[in-house]
Amino acid sequence: SRFMDLPTCELPRLGEIADLVTSVRLSRIHKGKLALALRNEGYIPKLLQLFRVCERVKNTEGLHLLFDIVRGILYLDKAILFEVMFSDECILDVVGCLEYDPCLAQPGWHRESLTKRTKLHEVIPTRNPELRQKIHLVSRAQYIRAIIMPNPSDFEEGFLSTLNSFISSSKEEILRGLQQDEDFLPEIFAKLTNEATAGEQRCELVKFFKEFCAFFFTLPEKRDEFLQTLAKLGFLPILEMLMGVDNRQVRSAATDILSYLVEFSPAMVQEFVMQEARQSENDTQLIIEVIKQIICSPDPEFGGDNQLMEILRALIDPEKMLTMASNLEIFEFLDIFYDHYIHVLTAPLLADTSEEWYEIGNDNLNFFPFEGQYTLIYLVDNYQTAEILASVLELLSFCLERHKYHMKIYIMNKDLLRRTLVLMKSKHKFLALCAVRFMRRIIGLKDEHYNRYITLGNLFEPVVNAVLDNRNRCNLLNSALLELFEFIRMEDIQFLIAHIVENFSDALESLKYIHTFQGLKTKYEQEKDRQKEKPN
């Protein structure tokens, strides 16, 4: 009673076999019995032989049934069947069956893709034949999982759990084996830096090395030793090179690796950045590569921006530097950052944020790299431009809070706030909101120098104009504008209150119903009365 009777494996009975495989999906016991029967009767090789016959005679109905049968057998999720189906003898015919999905107008190209993928894995340097075979096995399993995995809403929790466990445990076995090979890391680094390494091979290598790093960072007892090995082998210059490669997948994997390093060993990366800042005058430094990818990526769907911004914050955060540098060294680093690097970050903002910026009728965003400098010329208020500028303002706000002395000098020298407030004319309200929040952070510092800079430059004018333009709207931008003035009133910043009332009270007269502006006027008059009462 342990086994299940199977139909004879022949073409006329393919429909009966497909029904049998489908019927057991909801019963764990029946799935186990069917898996044992398939293995013990050598049934899978017989099915694959029928596949070759059907493909040769172009039997479309038989090929569609074999697709359902092979997929159904994989859905049984039994390790004893994976051993057969992923073997060298069966794998190409298995993925061949999966090419003939009845839902597709044309067959897929899975065999060609898998063969190409196998050749790419040959680039992974290991002399251990068992490890190499295991690498191929995992690659096949991952590829098949990607083909047969339905939409998340179409399967229950724990679906294909055996296949997932098989892949995870095999990967761990591979990585532990490579860990014992002293030549593995030097060889993989040599291949990554070798100009003769083809683009697809480099991509496969860096993705594999990303998994290798992720595995080691999950082992606290091995982590420090691994980081020391990376430092000894000079990996950060290699990572810097990979960050600049003209291949999105390579850059994405390199960004993930850098993110691991910044999370688990920020001191190592910061020390490297500081050394580069002291020694190098070129524009291929790691910190520039990070900034460049934040502001220069022409692909709006590339999802690495937030990750890159977190990396940059970690690299320029003085609080994190204190673990490996003195206050003097941190100040020296910030001097270098503001002398050599911040202009790359602010290039989109300073490029063309003039009063005419939003009046140019061109729908293109142009990138002009010249003489090693990465400069962007923005010709229109499009969505991608707005996203990039919003990211820049978020990073500048971080600098405003963490680099108070250096940022103050930079803002005033470049008249940065005036250029930022031009963005309040953007049709994208989230960008206008970013500009208001940037000014709010400056005012929140309650710094006398900033206050004088704002009043002398008459920088409240675009803000007041925005209030008047949004007077009848209830939105985040209007709320942020009113909160800015309310903060000034509540904190009783008399220097700014006097400037606002003396210069804009007539313009704001139409907003009497908003208590904030009435409160500013009251504060101003109270202060004048106090001044009169004081003896000379």
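Table for the structure above
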item: Residue that is β-branched (V, I, T), over 18 Å from C213 (Cβ atoms) and at pLDDT below 90, where the choices are V269, V273; result: V273
item: Per-region count, segment 492-517, residues open to solvent by less than 80 Å² (accessible area, probe 1.4 Å), on the phi < 0 side of the Ramachandran plot and not hydrophobic (A, V, I, L, M, F, W, C); result: 6
item: Elements of type helices (runs of 4 or more DSSP H) in segment 375-467, at least 3 residues being open to solvent by 10 Å² or more (accessible area, probe 1.4 Å); result: 383-402, 404-414, 429-444, 448-456
item: Residues (basic (K, R) and out of contact with any Phe, Trp or Tyr (no Cβ under 8 Å at 6 or more places or on another chain)) located in segment 379-412; result: R402, K404
item: Conditions (1) out of contact with any strand residue (DSSP E or B) (no Cβ under 8 Å at 6 or more places or on another chain); (2) β-branched (V, I, T); (3) over 18 Å from I500 (Cβ atoms): number failed by T385; result: (1)
item: Residue among Q285, Q275 that is touching a residue at least 40 places away in the same chain (Cβ under 8 Å) and either out of contact with any His (no Cβ under 7 Å at 6 or more places or on another chain) or within 20 Å of Q307 (Cβ to Cβ) (or both); result: Q285
item: Of all residues in segment 306-347 being open to solvent by less than 10 Å² (accessible area, probe 1.4 Å) and hydroxyl-bearing (S, T, Y), the one that is farthest from K408 (Cα to Cα); result: Y341
item: Count - residues of segment 203-231 that are small (G, A, S) and within 24 Å of Q249 (Cβ to Cβ); result: 1
item: Considering residues of segment 93-145 that are outside any helix (DSSP H, G or I) and of a type in the set (D, E, K, R) only, the residue modelled with the lowest pLDDT; result: E122
item: Flag for T8 being surrounded by 12 or more Cβ atoms within 10 Å (Cβ to Cβ) and out of contact with any strand residue (DSSP E or B) (no Cβ under 7 Å at 6 or more places or on another chain); result: no
item: Inter-residue pairs, beta-carbon under 6 Å, first in the same structural domain as V24 (by the TED database) and in segment 55-84, second open to solvent by less than 60 Å² (accessible area, probe 1.4 Å) and among the acidic types (D, E), 6+ apart; result: F67/D101
item: Residue among E83, E61 that alone is acidic (D, E) and more than 25 Å from A146 (Cβ to Cβ); result: E61
item: Top-ranked residue in segment 87-116 [being within 33 Å of the chain's Cα centre (by Cα) and among the small types (G, A, S); ranked as least open to solvent (accessible area, probe 1.4 Å)]; result: G108
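The values are calculated or read from the model by the stated rules, or taken from the named source; none is laboratory data. Keep in mind it's a predicted model, so treat the numbers as computed, not measured. Cβ sites come from the backbone with ideal geometry, for glycine too, and all protein chains shown count toward neighbours. Accessible surface is based on the protein model in full, side chains and every heavy atom, while ligands, DNA and RNA are left aside. Shrake-Rupley method; radii C 1.70, N 1.55, O 1.52, S 1.80 Å.
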